[in-house]
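The values are calculated or read from the model by the stated rules, or taken from the named source; none is laboratory data. Owing to the predicted nature of the structure, the values given are computational and were not obtained by experimental measurement. So basically every Cβ, Gly included, is an ideal-geometry build from the backbone, and we count neighbours across all protein chains shown.
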Amino acid sequence: MDPEKEEFLEEFGADYGYPSGPKSIDQIRATEFKRLDGLVYLDHAGSTLYSELQMEAVFRDLTTNVYGNPHSQSDSSSATCEIVREARQQVLEYFNASPKDYKCIFTSGASAALKLVGEAFPWSQKSCFMYTMENHNSVLGIREYALSQGAAAFAVDIEETVHHEVSNGIAASVSLSQHQIQRRNEEKVLEEELIGDAYNLFAFPSECNFSGLRFSLDLVKIIKEDSEKILEGSPFCNGRWMVLVDAAKGCATEPPDLSKYPADFVIISFYKIFGYPTGLGALIARNDAAKLLKKTYFSGGTVAASISDIDFVKRREGIEELFEDGTASFLSIASIRHGFKILNSLTISAIGRHTAALATYLRKMLLALRHENGASVCKVYKSDSLKVLCREWGPIVSFNLKRPDGSWFGYREVEKLSSLSGIQLRTGCFCNPGACAKYLGLSHLDLRSNMEAGHVCWDDYDILNGKPTGAVRVSFGYMSSYEDAKKFIDFVKSSFVSLPNQTGLGYHLRERSIPFPDKGLESRFTSSFFLKSITIYPIKSCAGFSTEKWPLSISGLRYDHEWLLKSLTGEILTQKKLPEMCLISTFIDLHWGIMFVESPRCKEGLQINLKSDLKSGGREEVDLYGQRYEAQGYTNEVNNWFSLAIGRTCCLLRYSMSNDYLLLNKCKNGGMRRDMQSRVTFANEAQFLLISEESVSDLNNRISSNVQKGAFEMPVQINPMRFRPNLVISGGEPYVEDEWRNLKIGNKYFTSLGGCNRCQMINVVHTAGGVQKSNEPLATLASYRRSKGKILFGILLRLHETDYEVEQETDSWLQVGQEVHPNSF
């Protein structure tokens, strides 16, 4: 056995791997999760994984039984009603909740359950919605209902207070730090008007999905029974307080015991517990609390009787029947018993210990990492200085990584590289803005500044003003293993930790991970360079064609990236989501003024007249990379051809040459577009992309070396065309182009805009059998071509200002074989 695993088992062996269970973790992985072979899945807080045995049982159940609509009266419908009744009972048992006190209301998910509470809660101007800073956006959304009904809302931080004397009850050891009170209505509500029998709601998560912090469920009794003491001095200390626990994340490893902590509402989501089914959640509501909810809408299944032409409806009296609109997702409900069977065989307590062991081990190993200069590598968001009333931490580890100089690695860089290593995790704020701001130390001013810079959820702005905008999150599930954690730690070490004697290699994490020598540059330019190939890509993300010579225009190579495909929903289509687009071939005949397009999915090719075919299409605006363009459409015949070619309904649009090149700059930093000074069509960043043949050769040598070391099973030979370059040059040393400030090709001058940031698209390869994806060449490039969070290969160019009117000249052509002179002006 690996010595490191022996050390791990010596410390965590009593809790790890289900030593007293029916199967060990190794057996579980080998028999129930064979699809994880070669893959490390570490996003169980987002969605845990279903067992293959679980799904076999579901399939067997659904293929051997007949389940009818539970609102019918047939035998199959009666069988469904019994299955649903048993499922409700099983859910209540999971939370140790008595059917005498609680009801299980099935919903379409956790968010739907929260929405139900928010819209049906008896809000008034005397009411208050109080919530911890650590709450999911779906909980914060309840605030909209409260504020719209005139109620107040505010966030709180819950802290333990330290007493030297013995406290008189648990409430004496807790204090609330209240944030600003929010109200929508303009009329000022006097404090004396707040005194009364208003209903108030307090919401907190059993486990924070950002940090893994587990709040003490004692908060349920504290708020319900001692609100006057805990909210002393607040106008909201009176009234009746009700408590909502968001257990969507926490219940996968430690469900709240409702016999001990009688919360009024508990929210759950089943795919977070055992992976399947999705689209099914539940609201577990105390009977007395559910009866206070004021439901407006009625639907099939929720009424005993109604009359269509007068205002009359008699609602059902049963709590579940009253709140479950329409036909319940009864086949999904029938499936949850198979998930519970898996969990019950292991026991939830054993699952909790197993996942806690892995999370504790990972935190320990990450915190121990040091760069060669002794600087800490990892900032784990588990601050002991936060005096929060909590019991322990769940199986979540959130963190950010630092360079040796203390600056931050962007979390998107971590996510991109981890994906190349076969590791799936999550980055960002995880829909928990309060916890994110709290742990990252982001003020309101920081958050507003980030938004003004264009930052929104799920974008690539991971570092702004020197601060992270989110974090990296690793989370474990019941089927996670030591090997998962170990592979992730090894990944962090190899990709982000500075080791001795690596300073000159330019690997991994140098502030400039691509070496730029300070002296002797001129000697590197004495070698001759010449233009090896010219390639034009008329339609964005489709295949291009090479030519011996080609005319230039004010926007680059004439007709390059002048067309794109757009879906009916407005999405710009690219190979990132539709790799099959690379199978569409193009060619332009300048003499005849025709673009020829072919696809293996279409029996006949398409011919587009470059001048006349635009007359029949309409004009529309296109938003791309922070810019807005006018574009010209085509006929249905053309659009139908492309829809067949890519297997999705779309339309072809052409960049309007009469359009001003910059109509709207939506983001202050211009989004992805690098070239903001010259006219660019629908290219990603600049007018030209240049690749060096020698740099590609060096890359192939490195990939071959990795194959020999056993890093890859089969040799991979990368063609320069994999990078979709416009210009390929030959001559000189590998990567010498990185140092070029400008260059001259023939009699035309170009300015370098720096390196091109590469993405997963270069891993898509067109083969005889179709389109395939691999980790190469991006994985190898990531090992030595990283710079400030980007993986660079090739350089971006723009036509020099003095040549902007090239289209009026007779010699404005580039030709294969022309000499290339770097740093020539």
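Given the condition at pLDDT 95 or above, farther than 27 Å from Pro277 by Cα and aromatic (Phe, Trp, Tyr), answer yes or no: does some residue in region 336-351 qualify? Within region 336-351 (the criterion being at pLDDT 95 or above, farther than 27 Å from Pro277 by Cα and aromatic (Phe, Trp, Tyr)), the answer is no, since none of the residues qualifies. Exactly one residue out of Gly732, Gly755 is part of a loop (DSSP other than H, G, I, E, B) and in contact with a Lys or Arg (Cβ under 9 Å, 6 or more places away or on another chain): that is Gly732. Of the helices (runs of 4 or more DSSP H) entirely within region 235-345, those holding at least 2 residues that are surrounded by fewer than 15 Cβ atoms within 10 Å (Cβ to Cβ) occupy 287-290. Restricting attention to region 46-73, the residues that are surrounded by fewer than 13 Cβ atoms within 10 Å (Cβ to Cβ) and assigned to a loop (DSSP other than H, G, I, E, B) total 3. Residues that are farther than 30 Å from Gly339 by Cα and of a type in the set (S, T, N, Q) number at least 1 in the following strands (runs of 3 or more DSSP E) confined to region 396-511: 396-401. Checking every residue in region 486-493 against the condition of being in contact with a Ser or Thr (Cβ under 9 Å, 6 or more places away or on another chain), surrounded by fewer than 21 Cβ atoms within 10 Å (Cβ to Cβ), under 30 Å from Gly434 (Cα atoms) and at pLDDT 90 or above gives at least one match. Taken over region 86-116, residues that are under 17 Å from Phe330 (Cα atoms) and without any contact (Cβ under 8 Å) to a residue 60 or more places away in the chain amount to 1.
Here are Thr547, Thr526: which of them is surrounded by fewer than 18 Cβ atoms within 10 Å (Cβ to Cβ) and modelled with pLDDT under 90? Exactly one residue qualifies, and that residue is Thr526. Out of the residues in region 10-35 meeting the condition of being assigned to a helix (DSSP H, G or I) and touching a residue at least 24 places away in the same chain (Cβ under 8 Å), tell me which one is nearest to Leu420 (Cα to Cα). Here the residue is Arg29. For the subset of region 362-382 comprising residues that are under 25 Å from the mean Cα position of the chain (by Cα) and more than 24 Å from Glu4 (Cα to Cα), which member is modelled with the highest pLDDT? Among them, the one singled out is Tyr381. Contact map, region 434-452: residues that are within 19 Å of Asp157 (Cα to Cα) paired with residues that are charged (D, E, K, R) and in a helix (DSSP H, G or I), Cβ distance under 8 Å, separation 6+ or inter-chain. Pairs shown: Ala437/Asp446.
The criterion of being within 25 Å of Phe106 (Cα to Cα), modelled with pLDDT of 95 or more and among the polar types (S, T, N, Q) does not hold for Ser299.
Filtering Gly374, Gly318, Gly352, Gly300 for residues that are under 30 Å from Met55 (Cβ atoms) and either among the small types (Gly, Ala, Ser) or out of contact with any Phe, Trp or Tyr (no Cβ under 6 Å at 6 or more places or on another chain) (or both) leaves a single hit, Gly352. Scanning region 137-187 for residues that are modelled with pLDDT of 80 or more and part of a helix (DSSP H, G or I) turns up Asn137, Ser138, Val139, Leu140, Ile142, Arg143, Glu144, Tyr145, Ala146, Leu147, Ser148.
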